[in-house]
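First the structure, in the form of structure tokens, and then the observations on it.
The values are calculated or read from the model by the stated rules, or taken from the named source; none is laboratory data. For clarity, every value in this text was computed on a predicted model and none was experimentally measured. All Cβ positions, even for glycine, are placed from backbone atoms using ideal geometry, and neighbour counts span all protein chains on display.
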Amino acid sequence: MQFLSSAIGRKVLMAITGQAMVLFVIIHLLGNTSIFSGPGGINAYAEHLHSLPLPILVAFRLAMLAFVCVHIWYGIQLTIENRGGRPQQYAVKAAQKATFASETMIWTGLLLLAFIVYHLLQFTVRVTPGMAIGVDAAGRFDVFSMVVSSFRNFFVAFIYTGAMVTLFLHLSHGIQSFFQTLGLSNDRVQPFLIKAGTLTALVLFLGYVAIPLTIFSGILKG
């Protein structure tokens, strides 16, 4: 408990929970890209997910909720402490050149939290108006039509595109910061980790943003 209450312990927990969520973002993107294979692809994928045993679904959702809460709570605490003028602030500043992404981590994180809530309300709770809700020819819930009808709306497509820009900024710093926090980085490998983190974030950004943009532009049609 003493370790968890220390700044180092909280940074380690932030790093671990952050990378767990990065893994989820990667897997989630792989599933979402099934929309490019048409209704059969993403509808079958969604049906498969919902056919998993309820205890597994509940456990997974609770674990993700815990990761998000821990990551945000400690992130806010450490940001307040650093801006309060604690000595460790200057140690970090000296070891790592500040970038726009690193300086805005708390704000991009809070924006992503707001987006997650919006995303769940739209595609999980389905309270957003204007979506096509129904079943496909195979009797499965028609996720394809729901997504396509949503991203035909300019404001919805704009919100998602902006959220993916925010995700890119957050991950471009967060991924490489994971290795630094765990002591797996040094002056020799740090440039590589920065480039690898930025490249990973860019690939995820392009993968996610391709969905709303291809639908809104009419390339992907329902």
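Per-structure values
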| quantity | calculated |
| --- | --- |
| Pairs, first closer than 13 Å to Val135 by Cβ in the range 38-55, second buried (at least 16 other Cβ atoms within 10 Å of the Cβ), C-beta under 6 Å, six or more apart | Pro39/Asp136; Pro39/Phe144; Asn43/Asp136; Asn43/Arg140; Asn43/Val143; Asn43/Phe144; Ala46/Val143; Glu47/Arg140 |
| Residue identified as more than 24 Å from Trp73 (Cα to Cα), touching a helix residue (DSSP H, G or I) at 6+ places or on another chain (Cβ under 9 Å), of a type outside the set (A, V, I, L, M) and in a helix (DSSP H, G or I) among Gly9, Gly18, Gly31 | Gly31 |
| Subset of the range 126-136 that is in contact (Cβ under 8 Å) with a residue 12 or more places away in the chain and closer than 20 Å to Ala44 by Cα - its residue that is farthest from the chain's Cα centre (by Cα) | Asp136 |
| Filtered residues of the range 171-202 (kept if among the aliphatic types (A, V, I, L, M), assigned to a helix (DSSP H, G or I) and over 13 Å from the mean Cα position of the chain (by Cα)) | Leu193, Ile194, Ala196, Leu199 |
| Of residues in the range 15-70 being of a type in the set (Gly, Ala, Ser) and in contact with a Gly (Cβ under 7 Å, 6 or more places away or on another chain), the one nearest to Leu112 (Cα to Cα) | Gly18 |
| Some residue of the range 54-61 being touching a helix residue (DSSP H, G or I) at 6+ places or on another chain (Cβ under 7 Å) and part of a helix (DSSP H, G or I) | no |
| Residue among Phe168, Phe151, Phe123 that is in contact (Cβ under 8 Å) with a residue 12 or more places away in the chain, closer than 30 Å to Asn82 by Cβ and within 21 Å of the chain's Cα centre (by Cα) | Phe168 |
| Residue in the range 11-33 that is of a type in the set (D, E, K, R) and in contact with a strand residue (DSSP E or B) (Cβ under 8 Å, 6 or more places away or on another chain) present | no |
| Wholly within the range 81-160, helices (runs of 4 or more DSSP H) carrying at least 3 residues that are surrounded by fewer than 17 Cβ atoms within 10 Å (Cβ to Cβ), modelled with pLDDT under 90 and not β-branched (Val, Ile, Thr) | 88-95 |
| Candidates Ile26, Ile42, Ile35, Ile16 - the one that is closer than 21 Å to Gln176 by Cβ, surrounded by 15 or more Cβ atoms within 10 Å (Cβ to Cβ) and aliphatic (A, V, I, L, M) | Ile16 |
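Yes/no per residue for (1) more than 30 Å from Gly139 (Cβ to Cβ); (2) modelled with pLDDT of 90 or more; (3) among the charged types (D, E, K, R):
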| position | (1), (2), (3) |
| --- | --- |
| Ala7 | yes, no, no |
| Thr33 | no, yes, no |
| Gly40 | no, yes, no |
| Ala59 | no, yes, no |
| Ala63 | yes, yes, no |
